[in-house]
Amino acid sequence: MIQVENLTVAGPGFYLGDISFRVNKAEYLIILGPSGAGKTVLLDTLAGLKKPQKGRILFAGRDVTRALPEERKIGYIQQNLALFPHLSIMENITFGARPNRIPPARAGERARELAALLGIEHLLSRANPLTLSGGEKQRVALARTLLVEPDIILMDEPFSALDSFTRRQLIFLLPEIFAQFQVTVIHVTHDLQEAFLLGDKIAVLMDGRLQQIGSRDEIYRRPATLAVARLLLNRNTFSGRVVTLSTGEIVAQNDRGLEFRLPAIHHLQPGAKIHFGINPREVVIIRPDRPLTPRVRSNIFPATVRRIFDQFGSYLLFLDLAGTGIEIELELPGYIYHDMAISIGNHVTVSLKKDSFWVLPVDEEG
């Protein structure tokens, strides 16, 4: 288990302020944030490469805040992978054996086991790691890390240099590998798909501050701040005021005069300023030949299709909502898009599902 308490780290060009979180044993935590958010600084601090000005780091209850990197029993896979060009693949994988007092025979045996698990057995005799592909280098770095049986693995943008096919292969392989070895993982990325495919929990880091930590569903459906909502591509964002409140529902009006029914949140009063929004995947085009289910009976508006983008498997549609000039975004799976034969200029009816909205008081925006 990892426990980080009130961590503050500052230096030339970087700052982390009052970071606190907890990761359970064998849990996979994604640190998600844009470039410059402080993600690598956080990993370097957990690894012992940077020293905090304030706060504590505990691994399995042991305070390692001031411990040396080699005393922390962690593996750290950095962006550059740091394979040694003068060593063979086998020598790279077994590099940590001697300092960790693993006998040479056991190290060789374990290297072959890991290579088989990762599908790189055929590379063990290769002399020069510079001849490897990006995906092969990544697997060698992972085998080297696992050989010393760390309790914790830290990974810094591990897929950033890989092609999409190799990246996809590794994304589906890693959870199986880490579950088998029961290691705790902290993985930083700026990629939303990567974060939601891999993370048991996601922590959103922006401008050196931890904005939110929670399950994938919590982050997706209930962003804690406006900054988190925007990071998650919630471009369907509105500003407005509460008109009425009732049990389980808010009626709000946006600044163009449209009324929306929204899920209720605590501590709001009529007249309160709010931000609210909905993910493009939660906007539905109403098909006149099909009955409305209860989930799509609220927030029904006419709209006009203004722009369409093919994004390989799904389509993004940008719609003018109710002739107001408000542009909303909708994402459709390819098979539905083709079945409906939608084109630019079409008039459609959309539902912005009430229960899929997030709502934030203006004074709590991040």
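Overview of results
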| read-out | value |
| --- | --- |
| Of residues in segment 278-302 being open to solvent by less than 60 Å² (accessible area, probe 1.4 Å) and in a strand (DSSP E or B), the one farthest from LEU360 (Cα to Cα) | ILE285 |
| Candidate set: segment 344-356, residues that are at pLDDT 95 or above and part of a loop (DSSP other than H, G, I, E, B); chosen: the one surrounded by the fewest Cβ atoms within 10 Å (Cβ to Cβ) | GLY345 |
| Residues satisfying the stated conditions in segment 9-29, i.e. open to solvent by less than 50 Å² (accessible area, probe 1.4 Å), within 21 Å of ALA227 (Cα to Cα), at pLDDT 95 or above and not aliphatic (A, V, I, L, M) | PHE21 |
| Close pairs (6 angstrom Cβ cut-off, 6 or more residues apart or separate chains): in contact (Cβ under 8 Å) with a residue 60 or more places away in the chain in segment 273-289, open to solvent by less than 30 Å² (accessible area, probe 1.4 Å) and of a type in the set (Lys, Arg) anywhere | GLU282/LYS353 |
| Residue satisfying condition, being farther than 27 Å from LEU192 by Cβ and touching a residue at least 60 places away in the same chain (Cβ under 8 Å), within set PHE95, PHE59 | PHE59 |
| Within segment 329-338, considering residues that are of a type outside the set (Gly, Ala, Ser) and part of a helix (DSSP H, G or I), the one surrounded by the most Cβ atoms within 10 Å (Cβ to Cβ) | TYR337 |
| Filter result for ARG235 (surrounded by fewer than 17 Cβ atoms within 10 Å (Cβ to Cβ) and within 20 Å of the chain's Cα centre (by Cα)) | yes |
| Pairs with Cβ under 7 Å, 6+ apart, first in segment 310-328 and assigned to a loop (DSSP other than H, G, I, E, B), second among the small types (Gly, Ala, Ser) | GLY313/GLY334; ALA322/ALA303 |
| Residue that is farthest from VAL204 (Cα to Cα), among those in segment 30-64 that are open to solvent by 50 Å² or more (accessible area, probe 1.4 Å) and of a type in the set (S, T, N, Q) | GLN53 |
| Checking ARG307 against (1) assigned to a strand (DSSP E or B); (2) touching a residue at least 60 places away in the same chain (Cβ under 8 Å), the condition it does not meet | (2) |
| Condition check for LYS39: assigned by the TED database to the domain that holds LEU147 and within 15 Å of THR184 (Cα to Cα) | no |
| Filter pass, ARG256 being at pLDDT below 95, touching a Phe, Trp or Tyr at 6+ places or on another chain (Cβ under 9 Å) and either closer than 21 Å to LEU232 by Cβ or open to solvent by 30 Å² or more (accessible area, probe 1.4 Å) (or both) | yes |
| Some residue of segment 303-319 being aromatic (Phe, Trp, Tyr), open to solvent by 70 Å² or more (accessible area, probe 1.4 Å) and over 18 Å from GLY240 (Cβ atoms) | yes |
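Results for (1) out of contact with any Ser or Thr (no Cβ under 9 Å at 6 or more places or on another chain); (2) more than 20 Å from LEU198 (Cβ to Cβ), shown as yes or no for each residue.
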residue	(1), (2)
THR8	yes, yes
GLY17	no, yes
ARG22	yes, no
LYS25	no, no
GLN53	no, yes
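Residue-by-condition table, conditions (1) at pLDDT 90 or above; (2) farther than 22 Å from ILE30 by Cβ; (3) touching an Asp or Glu at 6+ places or on another chain (Cβ under 8 Å); (4) open to solvent by 20 Å² or more (accessible area, probe 1.4 Å):
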{"position": "ARG66", "(1), (2), (3), (4)": "yes, yes, no, yes"}
{"position": "PRO99", "(1), (2), (3), (4)": "no, yes, yes, yes"}
{"position": "LEU132", "(1), (2), (3), (4)": "yes, yes, no, no"}
{"position": "VAL148", "(1), (2), (3), (4)": "yes, yes, no, yes"}
{"position": "ASP156", "(1), (2), (3), (4)": "yes, no, no, no"}
{"position": "ALA161", "(1), (2), (3), (4)": "no, no, no, yes"}
{"position": "SER164", "(1), (2), (3), (4)": "no, no, no, yes"}
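The values are calculated or read from the model by the stated rules, or taken from the named source; none is laboratory data. Remember, predicted model here, so these are calculated numbers, not experimental data. Methodologically, a virtual Cβ is constructed for each residue, glycine included, from the backbone with ideal geometry; neighbour enumeration extends over all protein chains shown. Just the protein is used for accessible areas: all its heavy atoms, side chains included, with ligands, DNA and RNA removed. Shrake-Rupley method; radii C 1.70, N 1.55, O 1.52, S 1.80 Å.
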